[in-house]
Amino acid sequence: KGWGRDGLEKIDPAKINHEDFFRRYELSKRGIEIFYLAKREWAVDRTMRLMQRVDDLRLEVDNPTEVRRAVESLMSELDLVLGFLELNHTGFSKILKKFDKRTGLATRDAKLKELRLSHSFLSGGGGDIGMAKEQLEGLAVRLDRIIARRTNEGKKKKKNSKNRYIFD
């Protein structure tokens, strides 16, 4: 029996149930895809609702500071989801590398290429979730301008009201 540098026994490729390994691999890919689709729907829905709240600020219906906090909160949540997706990509890579090492096969590169094509959201920005985060970053800048403008308007009104009482 041969032992690898990591202390694990080299397995005869003929004794490995490749079918079972790749079935589990495909189930894992499907699981992360279902997760992504659910989170994408959630992210897009929450982003659209926040965009509506920002638009409503023109009518002074909402508090811009509360909306800004909601935007920051969602951006933080999206960062966690994006990190989770990237971590899964790394996990797939390491599992395939270990499989190749234990079996002496060379499937990792081909499977990772296939994964990049079928699950592009795992790396490279997170697909629609990454785009939702970019939209939120734009909303945050817009909200900062609205908050600054309202703060300046409030200071001017306060200053004018003080001056009026002095001269009346």
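Taking only the C-alpha atoms, wrap a convex hull around segment 21-131 and report its volume per residue in Å³ as a whole number.
So the per-residue hull volume is 82 Å³.
Expressed in nm to one decimal, what extension gain is obtained for the pair V141 and D55 from 0.36 nm per residue of sequence separation less their Cα-Cα distance?
Using 0.36 nm per residue and subtracting the Cα-Cα distance, I get 29.6 nm.
Compute the signed sum of charges (Lys and Arg +1, Asp and Glu -1) over the other residues within less than 14 Å, Cβ to Cβ, of R142.
-1
Reachable aspartates and glutamates from K111, Cα under 19 Å, same-chain residues fewer than 8 places away excluded?
The qualifying aspartates and glutamates are E19, D20, E26, E33, E86, D100.
With the other protein chains left in place, how much accessible area per residue, in square angstrom, belongs to segment 68-146 at a 1.4 angstrom probe? The partial results should precede the final answer.
Working: 4270 Å² over 79 residues.
Result: 54 Å² per residue.
Grab the other residues whose beta carbon is less than 14 angstrom from that of L117, score K and R as +1, D and E as -1, and report the net.
Charge balance in the 14 Å sphere: +1.
The values are calculated or read from the model by the stated rules, or taken from the named source; none is laboratory data. Worth saying up front: this structure is predicted, and the values here are computed from it rather than measured. For neighbour counting, all protein chains shown are included, and Cβ atoms are generated from backbone atoms with ideal geometry for every residue, glycine included. Ligands, DNA and RNA are excluded from the accessible area calculation, which covers all protein heavy atoms including side chains. Shrake-Rupley method; radii C 1.70, N 1.55, O 1.52, S 1.80 Å.
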